Amino acid sequence: MKKETIRVVVIEDDPMVQEINTQFIERVPGFQVVGVAANGAEGVRLVQELAPDLVVMDVFMPVQDGIKALVQLRARDQAVDVIVITAAKDKQTIQAMLRNGAMDYIIKPFQFGRIQQSLESYRLYRQQLERDGTASQEEVDRLLFRQTADQAGTGSEASRETAEALPKGLHAVTLDQIVRQLEQENQSLSAEEVAERVGIARVTARRYLDYLEKVGGVRLDVSYGGIGRPTNRYMLVRKS
């Protein structure tokens, strides 16, 4: 099953930071930078032209800053979500960006893991909204507060039990996505199959599945069918 590609426009005046942000964004599977702008005015025009799903935006820029650009995007009813990456840490600026609909606010300097967490959370948010039907109060709370099932006290038992103390480099959002995918399956999956369904790299899926096996969240089945090395397959441990 082919996963949606989330199209991103980066609005950032520093060429080196443009490149870093682009590389970080495209390291997260399923995200593609389709345009880069050097100031808010140029960014607004690019958003209108390319109609991306997401904008990753700085605040302090020449010609037009991020606050004015975001206000302009909202005034034009542009159907795009915004994540802020900036050195601005004063509360007035933070409040202005959040009030105008920024979904996350990342302060420079930052590590790859922080933007990875933000993008994976955003992808989960989109997936939840795109499902048909109505939403429960718990699901609305998770959308509003960007909470994973374990943080909200809802969702799968495997997620809640294993996400309490994750090893460095593992994120609760991705863990919850993998567990929820396994919950939907009636058969074991390989790491490659999990990666394809969730929209992450195979090596990333393998790390999470190995962790889940270690803590008793999944059962490992080894398949010896066919020619070549045996395939590890994983089945969620369902507790009554």
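Throughout, read-outs are computed from the coordinates displayed, never taken from laboratory work. The shown structure was predicted, so the numbers you read here are calculated from the model rather than taken from an experiment. Reconstructed Cβ throughout: ideal geometry from the backbone, glycine too, with neighbour counts over all protein chains shown.
Taking other residues whose beta carbon is less than 13 angstrom from the beta carbon of residue 68, and scoring Lys, Arg as +1 and Asp, Glu as -1, yields -1.
Note: relative contact order over segment 3-111, using C-alpha pairs below 8 Å and six or more positions apart, is 24 percent.
Counting only other residues whose beta carbon sits under 11 Å from that of residue 40, what net charge do I get with K and R as +1, D and E as -1? Walk me through the intermediate numbers first.
Details: positive: 45, 68; negative: 12, 13, 42, 58, 65.
In short, -3.
Assuming a strict under-23 Å limit between Cα atoms, what lysine pair count do you get for the chain once near-sequence pairs (fewer than 8 apart, same chain) are dropped?
Numbers: 68/89; 68/91; 68/108; 89/108; 91/108; 108/168; 168/214; 214/239.
Pairs that pass both the separation and distance tests number 8.
Suppose only helical runs count, i.e. DSSP H with n ≥ 4. What mean residue ellipticity at 222 nm does that imply for the chain under -39500 (n - 2.57) per run, divided by all residues and rounded to the nearest 500 deg cm²/dmol? Don't jump to the answer; show the numbers that get you there.
Numbers: 11 runs with 114 residues, N = 240.
Calculated mean residue ellipticity at 222 nm is -14000 deg cm²/dmol.
Across segment 29-133, the volume of the C-alpha convex hull divided among the residues equals 116 Å³ per residue. Assuming R0 = 30 Å, what is the FRET efficiency of residue 222 and residue 166, from their Cβ-Cβ distance, to the nearest 0.05? In this case the efficiency is close to 0.70. Under the criterion of Cα pairs below 8 Å and six or more residues apart, the relative contact order for the chain equals 13 percent. Would you tally the net charge around residue 126, using a Cβ to Cβ cut-off of less than 9 Å, leaving residue 126 out, and scoring K and R as +1, D and E as -1? For residues surrounding residue 126, the net value is -3. Bridge orientation summary for the chain: considering DSSP beta bridges with both residues in this region, about 30 percent are antiparallel.
In loop segments of segment 6-44 as defined by DSSP, there are no GluC sites (Glu not before Pro) with at most 14 further C-beta atoms inside 10 Å of their C-beta.
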